[in-house]
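Asks: Here you go, one structure.
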Amino acid sequence: METGRTIDQELAASIQAVAARSGMQVEIGDLVGQEIRFAVAPVSDVVPTYRVRGEIANTQGLILHGFEGFMVALERKSGRVAIGSLKVDSIVHVILVDPSDGALLSWTAIEKPADEG
């Protein structure tokens with residue numbers, strides 16, 4: 001099942017707070033008003049998928065922000081979760097929300113490092 005949502009001020013502020021705990025600065029203005037599609041799936045399907053995505057990102061030299069916390073929150077959840085991603089510049093924000101109330105459960109970001117040259 002898939003559902004769409006516009007990121008509001010409250011969700012953006014929650015993402016900003018979680019990102020700050022991982023040492024990353026996220027501008028609320030980059031998120032508010034953005035449309036995001038969420039796929040709703042059982043946690044048991046999402047956990048192995050994101051473990052593999054994390055491993056792939058590491059082998060490709062991508063920078064993971066808040067990934068360990070994201071996985072801990074995901075593994076502690078039971079039932080179903082809604083997960084979506086939003087690309088802002090060179091960063092893909094992966095957002096995990098509760099499908100029943102839309103509350104933020106966790107966040108991680110995958111960043112492509114600037115080209116060295």
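The values are calculated or read from the model by the stated rules, or taken from the named source; none is laboratory data. Note that the structure is predicted; figures quoted are calculated from it, not measured. Ligands, DNA and RNA are stripped out before the accessible areas are found, and what is left, the full protein with its side chains, is counted by its heavy atoms. Shrake-Rupley method; radii C 1.70, N 1.55, O 1.52, S 1.80 Å.
Asks: How many Å² of accessible area per residue for the chain, probe 1.4 Å?
Replies: Values: 6630 Å² over 117 residues.
Accessible surface, normalised per residue, equals 57 Å².
Asks: Test of understanding: in a Gaussian network model of the chain with alpha carbons linked when under 10 Å, which of Gly102, Gly66, Gly84 would top the mean-square fluctuation ranking?
Replies: Gly102
Asks: For segment 23-65, report the translational diffusion coefficient in µm²/s to the nearest whole number, using Stokes-Einstein at 10 °C, 1.306 mPa s, and a Kirkwood Rh over Cα pairs. Show your work: numbers first, answer last.
Replies: Numbers: Rh = 13.1 Å.
Result for D is 121 µm²/s.
Asks: Can I ask one more? Taking square-rooted eigenvalues a ≥ b ≥ c of the alpha carbon gyration tensor, is the chain rounded, prolate or oblate, where a/c under 1.5 means rounded and, failing that, a/b exceeding b/c means prolate?
Replies: oblate
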